[in-house]
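For reference, the structure is listed below as structure tokens.
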Amino acid sequence: MNPQHPQQDVPLKQLRQFGWLMSGVFALVTFWPLVVRGEDIRMWAGIIAGILGVLGTVFPNALKPIFRGWMIFGEKIGWVNSRILLGIVFYGLLTPISLLIRVLGKRPLQLSFDPQAETYRVPKEPRAANHVLKAF
């Protein structure tokens, strides 16, 4: 579903799955303290889990506003996360590699201009005619 078009219809199957998924998440929150630390269960999360499970099963259309809000929120979080992750990859991985290559004096793309050169074509040895007969 595209959050930019709030009037777009959401299939009942998707709303049911959303209700069951959120019910499961809240059920996990309900029983986590009991299972992990031996503490009392979180009743408020159990009530929310029950409501979402019943709505997802019996009347999934009631979950439409919650679903739309969640999708809009997810789109915003995804936008932020992608910028953060791509920034980490670029500045944490690709930039140090490129700096190391430059320090070592390598020029893998050979982008320098040579006014004396007639062509920049690098001749290659021809391959055997049967080199792709058994690709896999």
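The values are calculated or read from the model by the stated rules, or taken from the named source; none is laboratory data. All figures in this text were calculated on a predicted structure; none of them were measured in a lab. Quick reminder, even Gly has a Cβ in these numbers, built from the backbone with ideal geometry, and neighbours come from all protein chains shown. These accessible areas exclude ligands, DNA and RNA; they are computed on the full protein's heavy atoms, side chains included. Shrake-Rupley method; radii C 1.70, N 1.55, O 1.52, S 1.80 Å.
See the values below:
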| item | result |
| --- | --- |
| Some residue of region 30-40 being surrounded by 10 or more Cβ atoms within 10 Å (Cβ to Cβ) and either under 25 Å from the mean Cα position of the chain (by Cα) or under 30 Å from PRO11 (Cβ atoms) (or both) | yes |
| Unique residue being over 30 Å from LEU52 (Cβ atoms) and either hydroxyl-bearing (Ser, Thr, Tyr) or modelled with pLDDT of 95 or more (or both) when the list is LEU86, LEU109 | LEU86 |
| Every pair of residues 6+ apart whose Cβ atoms lie under 8 Å, when the first sits in region 26-38 and is of a type in the set (Ser, Thr, Tyr) while the second is surrounded by fewer than 14 Cβ atoms within 10 Å (Cβ to Cβ) | THR30/MET43 |
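Residue-wise test of (1) open to solvent by less than 80 Å² (accessible area, probe 1.4 Å); (2) farther than 30 Å from ARG121 by Cα; (3) hydrophobic (A, V, I, L, M, F, W, C).
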| site | (1), (2), (3) |
| --- | --- |
| LYS13 | no, yes, no |
| ILE48 | yes, yes, yes |
| LEU55 | yes, yes, yes |
| PRO60 | yes, yes, no |
| VAL80 | yes, yes, yes |
| TYR91 | no, yes, no |
| LEU104 | no, no, yes |
